[in-house]
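Report on one structure; see the data block that follows.
The values are calculated or read from the model by the stated rules, or taken from the named source; none is laboratory data. This one's a predicted model, so the numbers in the text were calculated from it and none came from an experiment. With ideal geometry, Cβ positions are generated from the backbone for all residues, glycine too; neighbour counts draw on all protein chains shown. Calculation scope for accessible area: heavy atoms of the full protein, side chains included, ligands and nucleic acids excluded. Shrake-Rupley method; radii C 1.70, N 1.55, O 1.52, S 1.80 Å.
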Amino acid sequence: MTAKKKTPLERDLLVKMYKDMALFRRFEERVGLAYTKQKFSGFCHLHIGQEALAVGVQSALRDTDYMLSGYRSHTQAIGKGITPEAVMAELFGKVDGCCRGKGGSMHMFSKDRRFLGGHGIVGGQAPLAAGVGFSIRYRNEDDICVCYLGDAATNQGQFFEAMNMAATWDLPVLFIVENNKYGMGTDIRRTTSVDALWKRALAFDMAQSDVDGMNVITVHEHVKNIVEQMRKDHKPYFFEALTYRYRGHSVSDPGTYRTKEEVEDYQKNRDPIMQLERYMSEQKLAAEADFKAWDVEAKEKVKAAEDFADNSPEPSIEELWDHVLVP
């Protein structure tokens, strides 16, 4: 009998990661379509192409860990446990949204799920993550705080201040830079002096690394090892995930600052969903019919989320002054 090829992860976990990436892809595609139909307005930043990072990181965490992010956070919020219905309703400004329709695309939040934003200020989440890390340390817990940042956020002053504080006080914050190569419409190489963003951590003697952010298995294994160590030594960590977004910076960005060939190369050769599909097929862990069925399942979930958001009422006028902080 021929020995079975070993897989680094259990099939159930691989299936879940595939389903989650398919859900995230279909969710964002439907969000983009809903925007063109004027179901909501304002800023909207899609995560299409970066699914491996959101899924790979989340699959290595536990429910009690905290998470903060920037404005490209719809799918990260779903991964942390906010339902697709609540995220879609929030996008549509409806009362059943996770912030009762008052936050919108950039400000997903759930205290119960420990997803603490969705932040529109570039790099603004870094000091908040340091504060969460201090809270964890103060209470002698072994949770960690994940802080997602865009590549351009590493040029912001508050980022350096937060990194210094986390390193000096041994705060359990995992800083993750989603380097999708472009800060809005500018190639990061035009605005940053270092040739690799993980080198930023050297200034603070902080543990650091980089990872292929387009491969969900690689991301999962990388983060799992990091998190296990952080729970023991309670020190911060910084890693750069090399990833790519297929759409523009926001839905209003045509992306003319990069070539069509560059985008197509990532879509054809490095797409995270296709990579996992090829791997599972080679390992005989799933067949073409399985992938099609999981994609149909994802589409049905997303349609249900949009229907839910469509039917959710808008906040009443009486709520205008609720949840407003006043001195």
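So the values come out like this:
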{"quantity": "Conditions (1) modelled with pLDDT of 95 or more; (2) of a type outside the set (D, E, K, R); (3) over 26 Å from residue 142 (Cα atoms); (4) more than 10 Å from the chain's Cα centre (by Cα): number failed by residue 74", "calculated": "(4)"}
{"quantity": "Counted residues, segment 49-68 - those being within 27 Å of residue 249 (Cβ to Cβ), touching a Gly at 6+ places or on another chain (Cβ under 8 Å) and in a loop (DSSP other than H, G, I, E, B)", "calculated": "1"}
{"quantity": "Residue list for segment 9-34, restricted to those being over 15 Å from residue 292 (Cα atoms) and touching an Asp or Glu at 6+ places or on another chain (Cβ under 7 Å)", "calculated": "24, 30, 34"}
{"quantity": "Residue check for residue 46: within 15 Å of the chain's Cα centre (by Cα), modelled with pLDDT of 95 or more and assigned to a helix (DSSP H, G or I)", "calculated": "no"}
{"quantity": "Flag for residue 268 being out of contact with any Gly (no Cβ under 8 Å at 6 or more places or on another chain) and in a loop (DSSP other than H, G, I, E, B)", "calculated": "no"}
{"quantity": "Candidate set from segment 199-236 (those that are over 22 Å from the mean Cα position of the chain (by Cα) and hydrophobic (A, V, I, L, M, F, W, C)); member that is most open to solvent (accessible area, probe 1.4 Å)", "calculated": "202"}
{"quantity": "Output for segment 272-323, where each listed residue is open to solvent by less than 30 Å² (accessible area, probe 1.4 Å) and more than 28 Å from residue 86 (Cβ to Cβ)", "calculated": "280, 286"}
{"quantity": "Residues located in segment 237-255, provided they are touching a helix residue (DSSP H, G or I) at 6+ places or on another chain (Cβ under 8 Å) and open to solvent by less than 30 Å² (accessible area, probe 1.4 Å)", "calculated": "238, 239, 240, 241, 243, 244, 246, 255"}
{"quantity": "Unique match (being over 21 Å from the mean Cα position of the chain (by Cα), assigned to a helix (DSSP H, G or I) and not basic (Lys, Arg)) among 277, 297, 314", "calculated": "297"}
{"quantity": "Odd one out for residue 19, checked against (1) over 22 Å from residue 154 (Cβ atoms); (2) in a helix (DSSP H, G or I); (3) open to solvent by less than 20 Å² (accessible area, probe 1.4 Å)", "calculated": "(3)"}
{"quantity": "Elements of type helices (runs of 4 or more DSSP H) in segment 72-139, at least 2 residues being of a type outside the set (A, V, I, L, M) and closer than 22 Å to residue 23 by Cβ", "calculated": "74-79, 84-91"}
{"quantity": "Subset of segment 185-198 [open to solvent by 20 Å² or more (accessible area, probe 1.4 Å) and over 23 Å from residue 67 (Cα atoms)]", "calculated": "185, 186, 187, 189, 190, 191, 193, 194, 195"}
{"quantity": "Candidates 219, 194, 263, 177, filtered to the one that is aliphatic (A, V, I, L, M) and part of a loop (DSSP other than H, G, I, E, B)", "calculated": "194"}
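Residue-wise test of (1) open to solvent by 30 Å² or more (accessible area, probe 1.4 Å); (2) under 30 Å from residue 189 (Cα atoms); (3) touching a His at 6+ places or on another chain (Cβ under 9 Å); (4) of a type in the set (Phe, Trp, Tyr).
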site: 100; (1), (2), (3), (4): yes, no, yes, no
site: 111; (1), (2), (3), (4): yes, no, no, no
site: 117; (1), (2), (3), (4): no, yes, yes, no
site: 125; (1), (2), (3), (4): no, yes, yes, no
site: 128; (1), (2), (3), (4): yes, yes, yes, no
site: 135; (1), (2), (3), (4): yes, no, no, no
site: 150; (1), (2), (3), (4): yes, yes, no, no
site: 156; (1), (2), (3), (4): yes, yes, no, no
site: 159; (1), (2), (3), (4): no, yes, no, yes
